[in-house]
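These notes concern the structure reproduced below.
The values are calculated or read from the model by the stated rules, or taken from the named source; none is laboratory data. Note that this is a predicted model, so its numbers are computed, not measured. Note that each Cβ is placed from the backbone with ideal geometry, even for glycine, and that neighbours are counted across all protein chains shown. To get the accessible areas, we keep the full protein, side chains included, count just its heavy atoms, and leave off ligands, DNA and RNA. Shrake-Rupley method; radii C 1.70, N 1.55, O 1.52, S 1.80 Å.
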Amino acid sequence: MESEGKPNNNNDIKSKFSNLFWHGGSAYDAWFSCASNQVAQVLLTLPYSFSQLGMLSGVSFQLFYGLLGSWTAYLISILYIEYRTRKEREKVDFRNHVIQWFEVLDGLLGKHWRNVGLAFNCTFLLFGSVIQLIACASNIYYINDNLDKRTWTYIFGACCATTVFIPSFHNYRIWSFLGLLMTTYTAWYLTVASLLHGQVEGVKHSGPTKMVLYFTGATNILYTFGGHAVTVEIMHAMWKPQKFKAIYLWATLYVLTLTLPSAASVYWAFGDLLLDHSNAFSLLPKSPFRDMAVILMLIHQFITFGFACTPLYFVWEKAIGMHECKSMCKRAAARLPVVIPIWFLAIVFPFFGPINSSVGSLLVSFTVYIIPALAYMFTFKSAAARENAVEQPPKFVGRWAGSFTINIFVVVWVLIVGFGFGGWASMTNFIHQIDTFGLFTKCYQCPPPPGSPPPFLPHVGAPRPSPANITHHHHL
């Protein structure tokens, strides 16, 4: 496990350059990948969530779900090491094979677990990629509004399709490093720009006001800290996967230094205005600093699209028998069909913000919270399995009894609050967006053209006026 994938120590310049920028596998690479992948476009929707939750609940949920996400990422890492160690004792060679989460479930718990894990993981990553595309169109519109958001989605779909040429997570070294720098700049731009802007006249901070909005906001934060659907692939790209255990926690702690100040500052400055502006860029005045933040977020969304899509590429390659093919060009051509449904769904559901909460409640809740916690308990339910485990639970959580107690809490909490209340609230909000804007809407939440009456934008739960009095802006 320790030697697999380590680059050779060739001294020529090309090899050194390649190792520096392309072949990553250290603990630092894994940290950059986790932190970079965890917070991308969601940074722009967290102020929207704060307007739904209120300041106190917004901060509390971020800290709580950050901790919960770190725990389940730790569980996934333990199950990966357990699976890989068992297989390597059977002399299985993984040099040309990337281990994925569904294979871990298959090896430890059987095909039914594999099928459930595969279905949830693939659907989540599919919609995760869709969200990145929607975010690209939503952001570029604030620099260039000559084209509508749907046209921008077509353009960025074509750009993001180039990720088929990136072989694996080994090759994201420079991209994840740059991605984190870009997110850091954007987060602090949001913080400083909001504080310098000051509070808008008559600002109100009335959240939380409605249960639907409250749980929609909470589920977006669940989604924010549920970015570890690619944990297994990131671990597999490490030279020493055993070192991964605490990396996700350290990544989360850094991410909190970006998400808490930015969301709190934007909410402080704009208050309830955010309820109708799910993208924080839309409320900040146009400036070179904002344009720079938009451009950096666009590049980072391209990188995050690759992070979400690469595991889907692997699944597809394995399904059609191309995964161990040595030719990268053949593999890239085989991967292209994966991008087409993502492109299509981004055009059908361009609801930047509400779609995050829907994905969070219906997919993230199971993919990265409930299934890992249950899988851990079922893998180690027998005394023999616990005794022979490669990694024993840490003493500070209370060994096996403590870890099982935490897992039961995670399953019950996420099932009731995340999937139950969160699913109800986010789908109510999502259907409300479809009613208000329609599917395939050209320009979601765009300002109306000069001279046209403002669109009717009721909050969720408000009584609907008669159709004759509603001005939809499908034509935008």
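For q = 0.06, 0.07, 0.10, 0.11 Å⁻¹, what log10 I(q)/I(0) does the chain give under the Debye formula with an equal point scatterer on each alpha carbon and no solvent?
Debye output, listed in q order: -0.26, -0.36, -0.73, -0.88.
Find the accessible area per residue for region 36-139; the probe is 1.4 Å, ligands and nucleic acids are left out, and the unit is Å².
On the way: 3220 Å² over 104 residues.
Computed with neighbouring chains in place, this is 31 Å² per residue.
List the DSSP H helices in the chain whose Cα atoms stretch 15 Å or more along the helix axis and whose mean Kyte-Doolittle hydropathy is at least -0.5. Provide the component values of the computation, followed by the final result.
Details: long enough: 27-38 (16 Å, -0.30); 42-53 (16 Å, 1.12); 55-89 (51 Å, 0.29); 111-140 (43 Å, 0.88); 149-160 (16 Å, 0.14); 173-197 (36 Å, 0.92); 211-224 (20 Å, 1.01); 247-270 (35 Å, 1.29); 288-320 (47 Å, 1.04); 328-348 (31 Å, 1.48); 399-413 (21 Å, 1.15); 422-437 (22 Å, 0.04).
Membrane-span-like by this rule: 27-38, 42-53, 55-89, 111-140, 149-160, 173-197, 211-224, 247-270, 288-320, 328-348, 399-413, 422-437.
Mind checking which aspartates and glutamates have their C-alpha under 13 Å from LYS204, skipping anything on the same chain fewer than 8 residues away?
By straight Cα distance, LYS204 reaches ASP272.
Using r as the Cβ-Cβ distance of THR405 and PHE94, and R0 as 35 Å, what FRET efficiency do you calculate, to the nearest 0.05?
On the way: r = 34 Å, r/R0 = 0.96.
Here the calculated transfer efficiency is 0.55.
Under a cut-off of 17 Å between alpha-carbon atoms, report the aspartates and glutamates in cross-link reach of LYS240, not counting same-chain residues fewer than 8 places apart.
Result set, ordered by chain and number: GLU2, GLU4, ASP29, GLU82, GLU88, ASP93, GLU391.
Taking only DSSP H segments of four or more residues, each worth -39500 (n - 2.57), what value at 222 nm results for the chain once the sum is divided by all its residues, to the nearest 500 deg cm²/dmol? Mind dumping the intermediate values first?
Working: 18 runs with 293 residues, N = 476.
After summing the helix terms and dividing by the residues of the chain, the value is -20500 deg cm²/dmol.
Sequence-distant or interchain residues sharing an amide H contact under 5 Å with HIS323, placed H: which?
For HIS323, the qualifying residues are LYS318.
With a 1.4 Å probe and all protein chains left in place, how much of the accessible area of region 158-261 comes from carbon and sulfur atoms, in whole percent? Intermediate results must be reported in sequence, preceding the final value.
Values: 2720 of 3810 Å².
Heavy-atom surface of region 158-261 belonging to carbon and sulfur, 1.4 Å probe: 71 percent.
On the accessible surface of region 320-429, probed at 1.4 Å, how many percent belong to carbon and sulfur atoms? All intermediate terms of the calculation are to be shown ahead of the outcome.
Working: 3480 of 4670 Å².
Carbon with sulfur: 75 percent of the solvent-accessible area.
Tell me, what is the per residue accessible area of region 212-309 in Å², probe radius 1.4 Å?
Values: 2560 Å² over 98 residues.
Per-residue accessible area for region 212-309 comes out at 26 Å².
What net charge do the residues around ARG331 carry, taking every other residue with its C-beta under 14 Å from that of ARG331, with Lys and Arg at +1 and Asp and Glu at -1?
Numbers: positive: LYS318, LYS326, LYS330, ARG335; negative: GLU317, GLU324.
Combined, the nearby Lys, Arg, Asp and Glu give +2.
List the GluC sites (Glu not before Pro) in region 58-92 that DSSP assigns to loop (not H, G, I, E or B) and whose Cβ has at most 10 other Cβ atoms within 10 Å. Which are they?
Numbers: sites: GLU82, GLU88, GLU90; in loops: GLU90.
Hits after loop and neighbour filter: GLU90.
Modelling each spin label as a point 7 Å along the Cα-to-Cβ direction, I'd like the VAL203/ALA119 distance in nm, to one decimal.
In this crude label model, VAL203 to ALA119 measures out at 4.6 nm.
Could you list the trypsin sites (Lys or Arg not before Pro) in region 88-145 that lie in coil according to DSSP, counting only those with at most 10 other Cβ atoms within 10 Å of their Cβ? Mind showing how you got there, number by number?
Details: sites: ARG89, LYS91, ARG95, LYS111, ARG114; in loops: LYS91, ARG95.
In loop regions of region 88-145 (DSSP not H, G, I, E or B), the sparsely surrounded trypsin sites (Lys or Arg not before Pro) are LYS91, ARG95.
Shape call for region 128-192 from the C-alpha gyration tensor, a ≥ b ≥ c root eigenvalues: rounded (a/c under 1.5), prolate (a/b greater than b/c) or oblate?
Details: a/c = 2.71, a/b = 1.13, b/c = 2.39.
The shape class here is oblate.
List the trypsin sites (Lys or Arg not before Pro) in region 366-435 that DSSP assigns to loop (not H, G, I, E or B) and whose Cβ has at most 12 other Cβ atoms within 10 Å. Which are they?
LYS381
Return the aspartates and glutamates within reach of LYS149: Cα separation strictly under 20 angstrom, same-chain partners fewer than 8 residues apart disregarded; answer none if there are no such residues.
Qualifying aspartates and glutamates at Cα under 20 Å: ASP276, ASP291, ASP435.
Of LYS87/LYS245; LYS91/LYS395; LYS87/LYS395; LYS243/LYS395, which sit over 25 Å apart, Cα to Cα?
Values: LYS87/LYS245 20 Å; LYS91/LYS395 32 Å; LYS87/LYS395 27 Å; LYS243/LYS395 18 Å.
Over 25 Å apart, Cα to Cα: LYS91/LYS395; LYS87/LYS395.
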